[in-house]
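Once you've had a glance at the structure underneath, I'll fire off some questions.
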Amino acid sequence: MGIIAWILIGLLAGAVAKMLLPGKDPGGIIITMLIGVAGGLLGGWLGKVIFGVDSIDGFFDLSTWIAAIVGSLILLLLYRAFTGNKRTHRHA
């Protein structure tokens, strides 16, 4: 698959991950899209390493989309864990 296809899959996978894990994220939609693109790559790599399958067969293969969405979910959860809620608590 070409780089344009990976970007498109990543953007859509990031949107699906955001729908599955709703909530307010620091960074907004741009960060969510970048997490989606990176998550797609992560999911493809994890599928190959853990399960020994080529999960990046083609644009319309279900395994490609599942791997991209799972990778995006993992990165979104990690992003939320590391950024957390950075509000300061003030007591009057």
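Which of the residues spanning segment 55-89 are among the β-branched types (Val, Ile, Thr), exposed (fewer than 13 other Cβ atoms within 10 Å of the Cβ) and at pLDDT 75 or above?
The answer is 83, and nothing else.
Kindly indicate whether residue 92 is among the small types (Gly, Ala, Ser) and modelled with pLDDT under 75.
Values: among the small types (Gly, Ala, Ser): yes; modelled with pLDDT under 75: yes.
Spelling it out, residue 92 is indeed among the small types (Gly, Ala, Ser) and modelled with pLDDT under 75.
Another one. Output yes when any residue across segment 42-50 is under 16 Å from residue 79 (Cα atoms), modelled with pLDDT of 75 or more, open to solvent by less than 20 Å² (accessible area, probe 1.4 Å) and assigned to a helix (DSSP H, G or I), and no when none is.
yes
So, one more: For the list (1) of a type in the set (D, E, K, R); (2) modelled with pLDDT under 75; (3) open to solvent by less than 70 Å² (accessible area, probe 1.4 Å), I need the number of the one condition that residue 24 fails.
(3)
The values are calculated or read from the model by the stated rules, or taken from the named source; none is laboratory data. Note that the structure is predicted; figures quoted are calculated from it, not measured. Reconstructed Cβ throughout: ideal geometry from the backbone, glycine too, with neighbour counts over all protein chains shown. In case anyone asks, the SASA skips ligands and DNA or RNA and just uses the protein heavy atoms, side chains included. Shrake-Rupley method; radii C 1.70, N 1.55, O 1.52, S 1.80 Å.
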